[in-house]
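Data block below; observations after.
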Amino acid sequence: MFRMDKEAFDELHVKYGHRMARLDTNYRQAVPSEKRMAIFLSYLAHGHKQQQLAILWDVSQPVVSRILADGRAVFRNYMVDEEIHAPSGADVDDIAAGFEALAGMPGCVGAVDGTFFHI
């Protein structure tokens, strides 16, 4: 289901899983943080609707909704700053030269892998 290998998933989970974790209550067991992160990453990778994710991951749609809200908050507040880095300075020139040499695209400093979503 993922193009991400287990080591990369585990690394993300170690860094951010505790931020997505929920506690068990007297009325229900919480969805484990590993599953919560997998549901969120599945949503990002495939763009499934909440009902589809609920069926795929055997949880209710309201649970998926809460997981996605928690995941978006973690992504926005922590992952973006720590995991996504825009090139700067001399890096921009080196990257642009690399893209031009590789694909004949002058002035390009980034690309989106469109394997799992339509552009």
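Just so you know, all these numbers are worked out from the coordinates, no wet-lab data involved. Here the structure is a predicted model, which is why all the values come from computation and not from measurement. Here the Cβ positions follow ideal geometry from the backbone for every residue, glycine too, while neighbour counts run over all protein chains shown.
Things to note:
- Between S88 and A21, the simple spin-label model (points 7 angstrom out along Cα→Cβ) gives 3.3 nm.
- Estimated from the Cβ-Cβ distance and a Förster radius of 30 angstrom, the FRET efficiency linking I95 and A73 is about 0.45.
- Whether the stretch 25-83 is rounded, prolate or oblate, judged on the alpha carbon gyration tensor where a/c under 1.5 counts as rounded: oblate
- Value of [θ]222 nm, deg cm²/dmol, for the chain, DSSP H segments ≥ 4, -39500 (n - 2.57) each, nearest 500: -18000 deg cm²/dmol
- Using 0.36 nm per residue and subtracting the Cα-Cα separation, the extra length available between E34 and K49 on full extension is 3.4 nm.
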